[in-house]
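Scroll down for the structure; my scribbles are underneath it.
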Ligand SMILES: Cc1ncc(COP(=O)(O)O)c(C=O)c1O
């Protein structure tokens, strides 16, 4: 059996820092974790160590690793020839299922990743509105591209009206890219209204995560989301919900159903493929018909709607439609969240869990749960020192809480429908020792 350090040394000859993707790097380990296999709620690293997974493929693996029904779908695609660049009747079956979970999608288009889909949705909104700028919210994340990757993991200057100075999250962007973006603080109607007034007739679209798990678990207040909807309608601005993480995550399946607020365009990815690469965006017919071949906005790709992920996605959405699916997720979430909160109280660690559906953040150092609704308050209060000790001890104790936290927001974690009550008891037992250690 190869040692993790040896695999890292070999990988580093070919991949930058030995990682095939930047986010695979894990700060507590000082390198990526190289794994050998995964099943259900668990995976095994290359040295044979077992982990209970609370990262869950960054949210994609909602149905558990190696899910037998997804495997069956993959096998069906293999039997059929796993072709790409053709449509089938399975594609239409998928679209019907997607529409059930994302009812605002009268028409849809398939892509491969969430980033591709947010980029295409923004392009479409620009065509439809004849306007140029994108209004986004501080802290929210919509993928790593030059139209939208700004102000995710940073605090920058804010003016008296709640407009935040725009800064890219990576270097290498075209110098003028930031001119296409307006950044506003979240959950504040006055700031939103002010920005729309200031940039009147310039905002092509407003994009948001209805629950920004990328900020830990930053929920939109219901009245806020309803106000945003009304104002976008009044100002003729396309409202885009990025449901890449929220999709399928909570009863009754998507944030737009949970809040009862329908966007004009929705972006979907991650859990809809259960680990296979598929994304989609959809929306009102009159907007979507600006796409080619009817309209002039071109969106396509070699692997868009490839058969294997399409069949996998049909399997995922079918499972999520079955009775008991959300009961199970809720039972697991209730047990896990209450269990962690009890242990934090037992060990007198100033922290709490905020979870909605099958994804959650742990807010170390944030004493008042009302502050969770405010990105800036959390950024100031968060105790990064205790967080670092937590993720480091988890790795040593067979719990994988991937170190996704940047310099500002809490990390986000999740579980799958394959996590059993026994898994949660096992994890809570380990957390008891971990919290005892870090509270010393
Ligand atoms: C809310 C949100 N939107 C978009 C994306 C980009 O998706 P992908 O990583 O599939 O490109 C992510 C990825 O984490 C996300 O969390």
### Query
If you check residue 171 against the conditions, is it closer than 26 Å to residue 412 by Cβ and free of Cβ contacts under 8 Å to residues at least 12 places away in the same chain?
yes
### Residues of region 406-433 that turn out to be surrounded by fewer than 22 Cβ atoms within 10 Å (Cβ to Cβ), over 22 Å from residue 65 (Cα atoms) and touching a helix residue (DSSP H, G or I) at 6+ places or on another chain (Cβ under 7 Å), as a count
2
#### Entry: Residues satisfying the stated conditions in region 230-278, i.e. crowded, with 21+ Cβ neighbours inside 10 Å, on the phi > 0 side of the Ramachandran plot and away from the ligand (no atom under 14 Å from the Cβ)
253
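From 156, 147, grab the single residue that is under 26 Å from residue 283 (Cα atoms), part of a loop (DSSP other than H, G, I, E, B) and assigned by TED's automatic domain parsing to the domain that holds residue 223.
Of the residues listed, the single one that is under 26 Å from residue 283 (Cα atoms), part of a loop (DSSP other than H, G, I, E, B) and assigned by TED's automatic domain parsing to the domain that holds residue 223 is 147.
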### Summary
In region 196-213, anything part of a helix (DSSP H, G or I), surrounded by fewer than 24 Cβ atoms within 10 Å (Cβ to Cβ) and touching a residue at least 24 places away in the same chain (Cβ under 8 Å) is listed as 196, 198
### Message
Any residue in region 242-258 that is more than 14 Å from residue 280 (Cα to Cα) sitting within a Cβ distance under 7 Å of a residue that is at pLDDT below 95 and more than 11 Å from the ligand (Cβ to nearest atom)? List the pairs, counting only those 6 or more apart or interchain.
### Response
249/357; 250/357
### Members of region 344-386 that are assigned to a helix (DSSP H, G or I) and touching a residue at least 60 places away in the same chain (Cβ under 8 Å)
344, 346, 372, 373, 375, 376, 378, 379
### Query
Among the residues of region 114-123, is any under 23 Å from residue 211 (Cα atoms), part of a loop (DSSP other than H, G, I, E, B) and either in contact with a strand residue (DSSP E or B) (Cβ under 8 Å, 6 or more places away or on another chain) or within 13 Å of the ligand (Cβ to nearest atom) (or both)?
no
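Quick one: count up the residues across region 214-229 that are part of a helix (DSSP H, G or I), within 14 Å of the ligand (Cβ to nearest atom) and in contact with a helix residue (DSSP H, G or I) (Cβ under 8 Å, 6 or more places away or on another chain).
Selection size over region 214-229: 1.
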### Query
Across region 162-182, which residue is surrounded by the most Cβ atoms within 10 Å (Cβ to Cβ) among those that are away from the ligand (no atom under 16 Å from the Cβ) and under 18 Å from residue 208 (Cβ atoms)?
164
### Summary
Exception for residue 375 within (1) surrounded by fewer than 22 Cβ atoms within 10 Å (Cβ to Cβ); (2) at negative phi falls at (1)
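The values are calculated or read from the model by the stated rules, or taken from the named source; none is laboratory data. If you're wondering where the values come from, they're calculated on a predicted model, not measured in any experiment. As a convention, Cβ positions derive from the backbone with ideal geometry for all residues, glycine included, and neighbour counts pool all protein chains shown.
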